[in-house]
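Below you'll find the structure, written out as structure tokens, and then a few comments.
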Amino acid sequence: MSNPIEVRDVTLRYRLDKANVGTIKEAALRTIRRQRTVEWIHALDGVSFEVARGEIFGVVGPNGAGKSTLMKIIARVLPPTTGRVIVRGQVAPMIELGSGMNPELTARENIILYGAMLGRDPKHMRERVEPIVEWAGVEDFVDVPTRSYSSGMMGRLAFSVATDIEPEVLVVDEVLSVGDKAFRAKSQARMNQLINGGSAVVVVSHSIEMLKNMATRAMWLDRGRIKMLGDANEVLSGYLTSG
Amino acid sequence: MTAAESTVRYDSDILRRPLITEFQNFWRFRGLIRLLVVRDLTVRYKRSVLGVWWTILNPMLTIGVLWIVFSNFFGRGGALEFGEPYIVYLTAGILIATYFSQGVIAAGSAIVNSRNVLIKMYIPPEIFSLAAGVAAATHFCLSLIPLLLLTAFLGPGIPWTIVLVPIPLALMLMLVTGLGLLVASAAVYFRDVLDITRVLTQLLNYLIPTFWTLDFIAGSPKALVLVKSNPVYSFLVVFRTWVYGGEMPPAWNLIMMAGSAVLALALGVYVFSRNWRRVVVRL
Ligand SMILES: Nc1ncnc2c1ncn2[C@@H]1O[C@H](COP(=O)(O)OP(=O)(O)OP(=O)(O)O)[C@@H](O)[C@H]1O
Ligand SMILES: [Mg+2]
């Protein structure tokens, strides 16, 4: 049985223009003068791993290690420069939750729109509005513009929409820290429910404590390369003691 | 384990089938496209006091000014092709020109404007340009109301050919979406691309007889060729003929209209999706 997430020898290069050329005019002038200021950033370099069903895979590493880039590759947002990614099943990406939401629209409108952006049927989303707001604890604010929401409320709403289905693959980048204590416990419970249902989960976090409690396996990334990969306790301890 | 669980949803090595994949996506995401259009309209109308009336009023103001300036010059004697008053001729011209330029700009800026979403979850990006084009088409439909009123009360009356107007409307949607997509990837690279496009579409609109008439340049064969080779000119001819002329336009105008729409859309979608890999890392 193949694993839901397969990442094989993935490399990703960003193109960074040091001069920040933003207009055609500037670009033309630089070409004429033969000034080249382009640099390639290897955000990921030869990364390979797999995540099985019912597994929580933690990803740690210092700022700029390439964790978010990797999540975007699994979520299909960025195509790998080289290498191959295979994802089996429906993906729920949780990367900066709520970015698809528009503050001018009401919670109801946003739930339907956000759900449709995640590839769900708008008709189905209309029926799911009630359970979603109830779970997020914002049922008194369904038909007001989300402009009046606090960022915690917004995060809860988005989390509720993203996990309203049982996705086979859940990609979580630093979003579990939104919300208050009660919500954290609640979201933790929901994650466990998804995992018991057989989802494959990848979690990026700087909170090693939390990962130690959740993750079964882990990966330590450093400047785009795998520094350690394997049992969660070993990798996380290794990362912690590295200072 | 069910069969659905093991389906490959995404394999970075499987190449898209150019054009086919994109058109399938347009169909698959039609629900999202509708929601995006509704969002576009509600957000815009919530912000403005006049709401939906602004869409109708805005071109009317332009038309009013042009009418005051030019009606004595071009409209004298009312000797236009279908016997329509100058105000009707002018309104039809401005509406098509507005649909074209606003459509191209909207479809062209849709991708950059959706950056927030596109870098966090997977949605085929072309969807956003098409939705922006559909929103422009909706504005066009709303502003048809004053044109139809003018035609009914001041003009030659509304002929049966009005039922054919959805054809240029849909073809124009294809044209603006296609051209918008050509602009869209360049707009990710350079900020000034959208400004340049704005100027160019305006310029193109002066080159079609919106407020002026063709006999104004009848003496110059070169100018005539220049005007007639512009695809938007053919849209305008067909539109005027069907909205109030009640006749069939010349076949070459129909061919030019349909041909440019199909070509622009196919080319736009093809070029855009081929480049997307390189564009998305710079979004
Ligand atoms: N759009 C971009 N263009 C150019 N370089 C980028 C871009 N996005 C990220 N990078 C670079 O790629 C590298 C990896 O970035 P990434 O966001 O994946 O790191 P991260 O591990 O998520 O860091 P953090 O812990 O701060 O969230 C960094 O060096 C960053 O500067
Ligand atoms: Mg990050």
Amide H within-cut-off set for A:L44, under 5 Å, with H built and near neighbours excluded: A:L12
Beta bridge orientation in the protein assembly as shown: antiparallel %, DSSP, nearest 5: 60
Solvent accessible area, Å² - B:L204, 1.4 Å probe, full protein context: 60
Per residue Cα convex hull volume in Å³ - calculated over the stretch A:5-242: 149
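Using only atoms on other chains, find how many Cβ atoms lie within 10 Å of each Cβ of peptide A:77-85 and report the average.
Rounded to a whole number, the mean comes out at 4.
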Top positive-direction residue, dipole computed over the stretch A:5-242 with Cβ charges, set A:N102, A:G46, A:A92: A:G46
Simple label model, 7 Å out from Cα along Cβ direction - A:R30 to A:R126, nm: 4.9
Set of lysines with alpha-carbon distance to B:K46 below 30 Å, sequence-local pairs under 8 removed: A:K123, B:K120
Whole-Å distance, taken between Cα centres, linking the stretch B:22-59 and the stretch A:108-153: 19
Max mean-square fluctuation residue, GNM over chain A, Cα-Cα springs under 10 Å, options A:T31, A:T146, A:T106: A:T31
Signed unit charges on C-beta, dipole axis of the protein assembly as shown, positive-most listed residue A:I56, B:L224, B:L164: B:L224
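Is the stretch B:1-123 best put as rounded, prolate or oblate by its Cα gyration tensor, with a ≥ b ≥ c the root eigenvalues, rounded for a/c under 1.5, and otherwise prolate when a/b is larger than b/c, oblate when not?
prolate
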Charge-dipole axis of the stretch B:139-283 as Lys and Arg at +1 and Asp and Glu at -1 on Cβ define it, positive-most pick from B:G246, B:L150, B:L204: B:L204
Length-normalised contact order of chain B in % [C-alpha pairs under 8 Å, at least 6 apart]: 25
Hydrodynamic radius of chain B per Kirkwood, over alpha carbon pairs, in Å: 20.3
Where labels lie 7 Å past Cα in the beta-carbon direction, separation of B:F216 and B:F70 in nm: 0.4
Paramagnetic label zone (point 7 Å from Cα along Cα-to-C-beta, A:W40; backbone N under 17 Å) in the stretch A:54-79: A:79
Debye, to nearest 20: dipole size of chain A, +1 on Lys, Arg Cβ, -1 on Asp, Glu Cβ: 1140
Segment B:A251-B:N116, extension gain: residue separation times 0.36 nm, minus the distance between their alpha carbons: 44.1 nm
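Can you work out the FRET efficiency for the pair B:L226 and B:E81, with r the C-beta to C-beta distance and R0 = 22 Å, to the nearest 0.05?
For R0 = 22 Å, the calculated efficiency reads 0.60.
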Dipole magnitude of chain B about its Cα centre (Cβ charges: Lys, Arg +1; Asp, Glu -1), debye to nearest 20: 840
Most mobile listed residue (A:D121, A:D222, A:D173) in chain A, GNM with C-alpha springs under 10 Å: A:D121
Cα-based helix-to-principal-axis angle, B:30-47 vs chain B, degrees rounded to 10: 60
Estimated FRET transfer efficiency (A:R190, B:K46; beta-carbon r; R0 30 Å; 0.05): 0.35
In nm, spacing of pseudo-spin labels at B:T21 and A:T82 (7 Å Cα→C-beta vector): 2.1
Hits among aspartates and glutamates - C-alpha to C-alpha of A:K18 under 12 Å, sequence gap 8 or more where chains match: A:E39
Cα centroid separation, the stretch B:160-236 to the stretch A:157-217 (Å): 51
Highest-fluctuation residue, B:R115, B:R198, B:R17 considered, GNM on chain B with Cα pairs under 10 Å: B:R17
Nearby lysines by direct alpha-carbon distance to A:K186 (threshold 19 angstrom, same-chain neighbours under 8 apart not counted): A:K212
Nonlocal amide H pairs with A:D222, under 5 Å, H built at 1.01 Å: A:K227
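The values are calculated or read from the model by the stated rules, or taken from the named source; none is laboratory data. For clarity, every value in this text was computed on a predicted model and none was experimentally measured. Neighbour counts are summed over all protein chains in view; Cβ atoms, including those assigned to glycine, are modelled from backbone coordinates with ideal geometry. The accessibility values were calculated without ligands, DNA or RNA, using every heavy atom of the protein model including side chains. Shrake-Rupley method; radii C 1.70, N 1.55, O 1.52, S 1.80 Å.
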